[in-house]
Amino acid sequence: MQLLHLRIQNLNSLKGKHQIDFCEGALAETGLFAITGPTGAGKSTILDAITLALYNQTPRSGAVSKNDIVKLGSVLTRNTNEAYAELDFQIQSEVYRSKWSISRARTGNLRDYALLLSRKNDEGEFVALDLKRNEIPAENARLIGLNFDQFLRSILLSQGDFARFLKSNANERGELLEKLTGTEIYRRIGQKAFYKSKDEWVVLDKLKQQLDGIDVLSEERKAELKDEIKVVDESNSDLLAALEKLRLKKKANDEKEELEKQIRKKEEELAKLERDVLTFAPTLSRLENHQRILPLKAELVLLKNVQSERLKLLDEQKVKKQQLESLQLERKQLNTEFEQLAQDLRLQKEKEAQLQPLIKQVRELDADIKVARNELANLEKNAQLQGQQIDVVHISHQNIEKELTAQDSQISLLENYLKEHAVADVLKEQLPLLQQRYDGFERDQKAFQDALPKMEDSPSKERLMLDDKLINQQQILSEVIETSDAFIADKQSRLSSKIVDKELLRSAIIEQQKLNQVYEKLATLVADQEQLDEESASLLKAGKLTKEQQEQSLAELKKCEQALEINTKYLAELQLRREREVLEAKYDVARQQLKENDACPLCGSLEHPFVKHYENKANQTEQLLAEQSKQQFNLQAKEKKLVEEVSALKAKNIGLQGEAKRIKSKLEVCTEAIKHLLQHHDQVKLLPKAQLEAENKRINEELEKLEQQYKLIDYIEKASIRNKEFKRLLDDLSILIDNKAELEKQVEPYLQLVSETELKDQLLALEKQAQLYETKKEQLREHKSTREKQTLVWDEKGKQLKQMLVEFATLNAQLDKSKSKLSEQTQKRFDLFEDKLPEEAEKELVDLINGIKKKQNQIEIAIGKNDTQVKGISDRLEELTQVLLDEQEKYNRLKQDLELQLEAIDVRDFDTALQLLLEDDEVERIKQTQQSLVKAETELKQTLSDGNIRLKKLVEDLAVDPISAEAVISEIDAKESQYKELLLKRGAINEKLLNDEVNRKKQQAKLNAIDKQQKEYNRWNQLSQLIGDATGNKFSRFAQELTLQQVLFLANKHLKQLSDRYLVKHVKSDNLDELFIVDTYHGNAERSVKTLSGGESFLVSLSLALGLSDLAGQNTVIGSLFIDEGFGTLDQNTLDVALSALEKLQSETNRTIGIISHVPALKERVTTQIELLKDASGYSQLEVKS
């Protein structure tokens, strides 16, 4: 990969647009360049722009988002609305362009960032690739062959980190190497393997514990239980046969009693029906009267309709007479209005003739006034234009006068400022020297501040980090040292005289911890023993409760059996009824052939009461039979469920007994464990629970005292080391404060120019004041030159204004004369016609006359309409009079004929006949009631007959084997009791077998799970033994050693190119873990890298950095490298060696190498530079120099 062009706009301190060409111009010609500028000028922003364009990430802040920019104020230059970073790069023969950008909306809010990747075509144009924003970083990584971290390690040499790497011990070197190579993942993998192995062991152990809790029956015991079930089933078969015979006998007795009750009930229903027939007799009489009147119903309805029609005609006649009177009154009012309108029309025509001469005179005056107004408008327009021109000249004259005054004021202020700040003239010569001294002070201060985070975490460190004032930090350090001395003295005074050696104290703590563990285990066993006693008591209580539930279930079972017996009897009765109804239905054909007073061919009877009223009830009986069968099924299911419930409760009781045995066994194990513990620890005694807790507490207190003593010794050792560090820092800080005081003394003569209190701010402010002084001098020269030019313009404008005022006065005289003439004409016109227009007066008069004529036409139309309505109503009244006479004659004739017919059937008059006549639905309802009474009587008599026949048969059947009903019930109860006991016994046995089957499946499932989990644990345990530990050090060290070997192999290649004298090797043994340098000029003599000089250290660390760069970019070659550290601490000779090495590296590898630094000597040695210049507002400009 080769970097071609980098374009930047508004990134961090680089405000505006900037461009760097890596393949053209000075940078392409030399290959080695420096990126220089003061701190904060934006040197590192160049590398930020490259990674931002490619990966949307920067080395300093990682991934960039809109929220990060808003919250942290990063990336986007303050007070700007858009920014971008655009990079052109080449991979083999293809050229790509990757651009990152962001901007603000009109509301001022940031839009989300955009990322675009384009490829250059054959025409030289960049064509965007069809990729989403979040896909571009991955596509760039694929094209380049490096992800963000790999690219960063390849393009940014970590020479400074490797310089520290060479001087570190083994542990520090491991941490640095892990950071440099990004191999933290191997540490995490080692930790994951260790903890995963532990987790899998916990799962395996839990499965084994669960397996121990599953009990199964032996094969012999299973065979015994199955034999017992066979014996129980044979006994149940005999009992069920005997029970069936007894239940049939009981069913017959119950049916006989039920049938006797039903016969008595039907006899009562028949007596009630006969009373209902007597009550219905008056209603039947009403039906007979209706049937008498029914032949004359048509005549009655006709007469009623004629009477109704006659009344309607009378009402209409009355309404029409009222309407005729209202129309006649309306006609009189219309005649009056028409006469009034004719008189108004004559008056308006006379007024029109009088107005014509006056209108003519007014029109002539209006023409003269129009001419005068036009003349006046022209004069006013000319005057207005002249006035505007005068105003423009006058305002211009005044503005120039104000500007002259302002110029005088500015000149006075500038002269006063230059006089008051004359010392700034001397300042500009002294300022560079002061700034250089301050930079040295700031470097020393930064070194001091950088040392603070490396201190051990403590409140003192936090105070020093939070307070950045040196004098306060000096005070804090003095207080801390004083406090630390007092702390150490106090802790030493508290040390016990018994044991002061840390190792002896550690041994005493371990012994006390073992004793504490024994007492804790004993306390746990005693607590378990008490818990098992409580569980045993709980099981006894549960057994009692289960027995009570069993008794309740037996009581419910007995009730269910009684309900089942009753329902069985009712089912038998319904089946007999259905058989009888089916038999009756067979004779439908024969029943239809029966004739009154003829003998029945089947029975010979002459009476046939059921011929008319017989109803087939087979469907109704079938429905009842289905309902009762369903109820029978539900009762049987409930009985079965209760039997099973009783069986389950009995099995549960057996299970509780087994659990009690298990708890007893555990109690024995617990007691044995306590006995074993006491035998192996003579100093431990079995005590009550409270005394055990007290003894354990006493041991803990002694252990705590020993641990406190150990911590106290440790505190004293650490405090002593920390105190030495504080004293060293205090010495460095005192020198720093003295240097600052000397610098402040040199700055003091110029402090009158600034108000800042901090030295850094004062120097920045003084720099601004020096620039401001020069600016003010230049402004004074400009103001004086401008004033001379403006004075000449002001004189010319004054002369022009006087000439224009004379011309404006003449025009005003003409305007006054024209206004007077127009006023006289306007007044004369107002006296004649006021403000009215002739056309409007004429139109108003014409509209009034036309309005009167229109109203006349409307009234004439209304009069015609009124006459038409009067004629129509009059004709209708005459017609109604004749129709009413005809209707009255017809009514009289019909009434006379009907009264004669009513007299013949003994009905008094027309109204009485209407009352006797019933509605059709009422007639139908009476007939239905009559039929239902007859039908009910027939059915009751038939049912009584059938019941007596069935009762007679039951009595005969029961007489064959006479036994009392009480004896039958007693024998059934005895048999059923035996049957239930057998069922319970069978249920308990079956429950045991089912539980055993379930437990066997559980046991097999657990064994399978244990086998599977054992394999999983073995796999993870093997991996953990190879690479795992709690800290991850084992695998991390292994990976780091491999990585170090690769880095050293690649580094030695580069070191051989830079200097053929040295090689680097890693030596590791039981007592040694160190890097050595091999000097080939001295017979391959080996010495520690810590003995290298400054120049040698730079060469070795640079080779290591290049080796890491090669390792990170092994899939591709980056044509550019940047070094962002490592030169600030080099002396002149070492710097020469370093630069010579870099020049040689550039010439041999043909790479572009950029050195990011603010070391002044680099500017002299590396002539090609990207220089960043910082202005007074804090923004920077980028310039390429050669």
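Please treat every number below as a calculation from the coordinates, not as lab data. Treat the numbers as computed from the prediction; the structure is a model and nothing was measured. Please note: Cβ atoms are built from the backbone with ideal geometry, for glycine as well, and neighbour counts cover all protein chains shown.
The table that follows gives values for the structure above.
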| read-out | value |
| --- | --- |
| Rounded to whole Hz, the Karplus (6.51, -1.76, 1.60) HN-Hα couplings of the stretch 861-878, x for glycine and proline | 5, 5, 5, x, 4, 5, 4, 4, 5, 4, 4, x, 5, 4, 4, 5, 5, 5 |
| Prolate/oblate/rounded call for the stretch 841-962, Cα gyration tensor, a/c under 1.5 rounded | oblate |
| Over the stretch 702-811, equivalent-ellipsoid semi-axes from the Cα gyration tensor in Å | 79, 21, 7 |
| ALA1030-LYS817 pseudo-label distance in nm [points 7 Å out on the Cα-to-Cβ vector] | 12.1 nm |
| √(5λ) per eigenvalue of the Cα gyration tensor, the stretch 348-463, largest first, Å | 91, 32, 9 |
| J(HN,Hα) series, the stretch 892-903, from Karplus relation 6.51 cos²θ - 1.76 cosθ + 1.60, nearest Hz, glycine and proline x | 5, 5, 5, 5, 5, 5, 5, 4, 5, 5, 5, 5 |
| Computed Rg/Rh of the stretch 315-405, alpha carbon atoms with Kirkwood Rh | 1.69 |
| Over the chain, volume per residue of the alpha carbon convex hull, in Å³ | 554 Å³ |
| Cα centroid separation - the stretch 1044-1093 against the stretch 784-838, whole Å | 103 Å |
| Gyration tensor over alpha-carbon atoms, the stretch 908-955, equivalent ellipsoid semi-axes in Å | 46, 9, 4 |
| In nm, spacing of pseudo-spin labels at THR1080 and SER1186 (7 Å Cα→C-beta vector) | 3.6 nm |
| Listed residue pairs exceeding 25 Å between alpha carbons, taken from LYS245/LYS569; LYS569/LYS975; LYS541/LYS675; LYS99/LYS446; LYS265/LYS953; LYS381/LYS836 | LYS541/LYS675; LYS99/LYS446; LYS381/LYS836 |
| Environment charge at ALA223 (Cβ cut-off 14 Å; Lys +1, Arg +1, Asp -1, Glu -1) | -1 |
| Among beta bridges that DSSP assigns inside the chain, antiparallel share in %, nearest 5 | 80 percent |
| Residues with amide H under 5 Å from that of PHE1122, placed H, sequence gap 5 or more | LEU156, LEU157, GLY1154 |
| Overall dimensions of the stretch 900-1023 as given by Cα atoms, namely Rg and Dmax in Å | 42.1, 129 |
| Calculated over the stretch 67-124: convex hull of Cα atoms, volume per residue (Å³) | 102 Å³ |
| Estimated dipole of the chain in Debye, rounded to 20 [Cβ of Lys and Arg +1, of Asp and Glu -1, Cα centre] | 1680 debye |
| Among 646-656, 212-222, the order from most to least packed when residues are scored by Cβ within 10 Å on average | 646-656, 212-222 |
| Kirkwood hydrodynamic radius (C-alpha pairs) into Stokes-Einstein, the stretch 711-752, 25 °C and 0.890 mPa s, D in µm²/s | 191 µm²/s |
| Whole-angstrom Cα spans of the stretch 635-756 along principal axes, big to small | 116, 59, 20 |
| Debye-sum result for the stretch 787-889 in log10 I(q)/I(0), which assumes one identical scatterer on each alpha carbon, at q = 0.12, 0.13, 0.17, 0.23 Å⁻¹ | -0.81, -0.85, -0.98, -1.14 |
| Sites ARG787 and GLN388, calculated FRET efficiency, Cβ-Cβ separation with R0 22 Å, nearest 0.05 | 0.15 |
| Local net charge near ALA28, Cβ-Cβ under 13 Å (Lys/Arg +1, Asp/Glu -1) | -2 |
| The stretch 627-692: radius of gyration over Cα atoms, expressed as a fraction of 2.2 N^0.38 Å | 2.39 |
| Histogram of C-alpha separations across the stretch 1-97, 5 Å bin width, % | 3, 12, 22, 24, 20, 11, 6, 2, 0 |
| For LEU4, distant residues with modelled amide H under 5 Å away | ASP88, PHE89, GLN90 |
| Long-range amide H partners of TYR113 with built H, under 5 Å | LYS66 |
| Pairs beyond 26 Å (Cα-Cα), from LYS661/LYS992; LYS250/LYS992; LYS544/LYS985; LYS261/LYS559; LYS777/LYS797; LYS558/LYS652 | LYS250/LYS992; LYS777/LYS797 |
| Helical contribution to [θ] at 222 nm, DSSP H n ≥ 4, -39,500 (n - 2.57), averaged over the chain, rounded to 500 | -27000 deg cm²/dmol |
| Highest-first arrangement of 837-849, 76-88, where packing means the average Cβ count within 10 Å | 76-88, 837-849 |
| Positive minus negative residues near ALA85 (Lys, Arg vs Asp, Glu; Cβ under 13 Å) | 0 |
| For the stretch 839-903, Kirkwood radius (reciprocal of mean inverse C-alpha pair distance, Å) | 17.1 Å |
| In order through the stretch 481-487: 3J(HN,Hα) via Karplus (6.51 cos²θ - 1.76 cosθ + 1.60), integer Hz, x for Gly, Pro | 5, 4, 5, 5, 4, 5, 4 |
| C-alpha center-to-center spacing [the stretch 458-474, the stretch 655-670] in angstrom | 68 Å |
| Potential lengthening between ILE849 and SER1140 on full extension [0.36 nm per residue; Cα-Cα distance subtracted] | 92.8 nm |
